[in-house]
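This report concerns only the one structure given below.
The values are calculated or read from the model by the stated rules, or taken from the named source; none is laboratory data. In this text the structure is predicted, and so the values were computed from the model without any measurement. A quick note on method: Cβ atoms are made from the backbone with ideal geometry, for glycine too, and the neighbour counts reach across all protein chains shown.
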Amino acid sequence: MYQDDSSDKLTTVAVSGYFNPIHHGHIGLFKEAKKLGDKLCVIINSDMQVSIKGSQKFMDENERKAIVESIRYVDEAIISIDEDGTQCKTLEMIKPDIFANGGDRKNPDDIPESTVCTQHGIEMIFGIGGGKMQSSSWLLRKVKKESSETNYQNKKVIVADVDETICESCQQISVEMAKKINSLIERGYQFAFISGTKFEHLHQMISSKLIEEHHILATTGTRYVHISGDGSHTTRYNYSLTEQEKVEINNAFNKLITHFNITSMTTKEDQLQDRDSQITLSAIGRHAPSELKTKYDPEGNKRKVWIEYLQRYLGKDKYSFKIGGTTSVDITRKGSDKKEGIRKFAEYNKIPLDTILFFGDKIYPGGNDYPASKIVDCISVSSPRDTLQKLNDIFQ
């Protein structure tokens, strides 16, 4: 929540927008607005406001907030508390010195926030960032048009993230999801699941509910296990960390746990997990209550700081550091991401990349599904329910 910094006499500038999705015009707005004062606060329209506007939701409010606050010109990002299409209540709450408006808003008489700005002595400035160079609506229409033209008939292999895409975190897939996946495999589609989770857990979460042949790409694709229709499984390849690498990573994680006093709600082994080709910290424990895990660090802000701390000890060149779910940090060898996991799987099975369609809930810069978008066509989802709906829509 926004903190009132009036005591230090900094000039606070506020801007607002949907940022659904963000584009280079927004960056120009932030850059120019920051020059007007000492602190830039960005107000992000809520998901409810997106619905009121009638726009297509490209990313949810927390994803948009996470991206905006990572931009160097932005000091703070908050989600609007207003229940209409304005920012009146939010401006009244934060009381900035300046409310800056982009190049597409020029007439104060047409701005609903004018009254609250006058009441609280908030200066309104217009035309920041130049004219309208780009529009989120234009981008969404372009994406929708291109998506409608995607040749889904050419897609024969479905690769999916697991937690929050195929099933809830650490839970088995639903009966409805298993039924849909089994039916697609029966129709001739191949289905692969890629996750930072160990094979043994993925086998329980997914394979125990499927009766058709499928593929498990465990620990971010570094271990590939083929599951036959009779339930038997065969490891096709496995790229393990060396014992020296594991010791090095575990030592860094233990320093982190001590420094930040990160306490597991389960066991030490459940908090710091050796997944053979990956070491994972599940902050409060992998098997902590789901409702507590969901609330722990949904935007990844704590874990961004943790990764910076880990990189002091491990450097940035040898290992990859990824934020996963709402509680985890994964460390693998450099280059062990979902792009490489999918590429190796496709290469091993001689599958053309243009026949693969990937589903994931974190297909945005910094998200652990984002690397997949660099190699195959992707469908962004917000939950297992959303995935099931899109599977039904695309593969009727």
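Scanning segment 230-264 for residues that are in contact with a His (Cβ under 9 Å, 6 or more places away or on another chain) and either more than 27 Å from Ile206 (Cβ to Cβ) or not polar (S, T, N, Q) (or both) yields His233, Arg236. When you check Thr219 against the structure, is it assigned by TED's automatic domain parsing to the domain that holds Ile342 and touching a Ser or Thr at 6+ places or on another chain (Cβ under 6 Å), yes or no? Spelling it out, Thr219 is indeed assigned by TED's automatic domain parsing to the domain that holds Ile342 and touching a Ser or Thr at 6+ places or on another chain (Cβ under 6 Å).
Only one residue in Val157, Val116 is buried (at least 16 other Cβ atoms within 10 Å of the Cβ) and either assigned by TED's automatic domain parsing to the domain that holds Leu353 or at pLDDT 95 or above (or both), so which one is that? Answer to the selection: Val157.
Arg72 meets all of the listed conditions (1) over 23 Å from Ile98 (Cβ atoms); (2) surrounded by fewer than 15 Cβ atoms within 10 Å (Cβ to Cβ); (3) free of Cβ contacts under 8 Å to residues at least 24 places away in the same chain but one, namely (1). Of all residues in segment 85-113, those that are assigned to a helix (DSSP H, G or I) and at pLDDT below 80 total 3.
Determine whether segment 75-82 contains at least one residue that is modelled with pLDDT under 90, part of a loop (DSSP other than H, G, I, E, B) and either over 24 Å from Asp361 (Cβ atoms) or in contact with a strand residue (DSSP E or B) (Cβ under 8 Å, 6 or more places away or on another chain) (or both). Taking every residue of segment 75-82 in turn, none turns out to be modelled with pLDDT under 90, part of a loop (DSSP other than H, G, I, E, B) and either over 24 Å from Asp361 (Cβ atoms) or in contact with a strand residue (DSSP E or B) (Cβ under 8 Å, 6 or more places away or on another chain) (or both). When segment 308-325 is filtered for residues that are surrounded by fewer than 19 Cβ atoms within 10 Å (Cβ to Cβ) and either under 18 Å from Gly285 (Cα atoms) or among the polar types (S, T, N, Q) (or both), the ones remaining, listed by number, are Gln311, Ser320. Val376 fulfils the conditions (1) buried (at least 19 other Cβ atoms within 10 Å of the Cβ); (2) closer than 26 Å to Gln271 by Cα except for a single criterion, (2).
Contact map, segment 229-258: first residue assigned to a helix (DSSP H, G or I), second residue β-branched (Val, Ile, Thr), Cβ cut-off under 6 Å, separation 6 or more or different chains; pairs are Ile249/Ile279; Ile249/Ile331.
The single condition among (1) touching a helix residue (DSSP H, G or I) at 6+ places or on another chain (Cβ under 7 Å); (2) surrounded by fewer than 18 Cβ atoms within 10 Å (Cβ to Cβ) that Leu272 does not satisfy is (2).
When you scan segment 55-76, do you find a residue that is within 21 Å of the chain's Cα centre (by Cα), under 22 Å from Pro112 (Cβ atoms) and of a type in the set (Ser, Thr, Tyr), even just one? Checked against the condition, which is being within 21 Å of the chain's Cα centre (by Cα), under 22 Å from Pro112 (Cβ atoms) and of a type in the set (Ser, Thr, Tyr), segment 55-76 yields at least one hit.
Residues in segment 39-46: is at least one under 13 Å from Phe99 (Cα atoms), at pLDDT below 95, over 17 Å from the mean Cα position of the chain (by Cα) and not aromatic (Phe, Trp, Tyr)? Scanning segment 39-46, I find no residue that is under 13 Å from Phe99 (Cα atoms), at pLDDT below 95, over 17 Å from the mean Cα position of the chain (by Cα) and not aromatic (Phe, Trp, Tyr), so the answer is no.
Taking strands (runs of 3 or more DSSP E) that fall entirely within segment 145-221, which contain at least 1 residues that are within 19 Å of Asp393 (Cβ to Cβ) and of a type in the set (A, V, I, L, M, F, W, C)? Explain how you work it out, then say what you get.
Numbers: elements: 157-160, 190-194, 214-217.
Once the strands (runs of 3 or more DSSP E) in segment 145-221 are filtered for at least 1 residues that are within 19 Å of Asp393 (Cβ to Cβ) and of a type in the set (A, V, I, L, M, F, W, C), what remains is 157-160, 190-194.
Within segment 18-38, residues that are within 17 Å of Pro96 (Cα to Cα) reach partners that are polar (S, T, N, Q) and in a loop (DSSP other than H, G, I, E, B) with beta carbons closer than 9 Å, at six or more positions or on different chains, in the pairs Leu36/Thr11; Gly37/Thr11; Asp38/Thr11.
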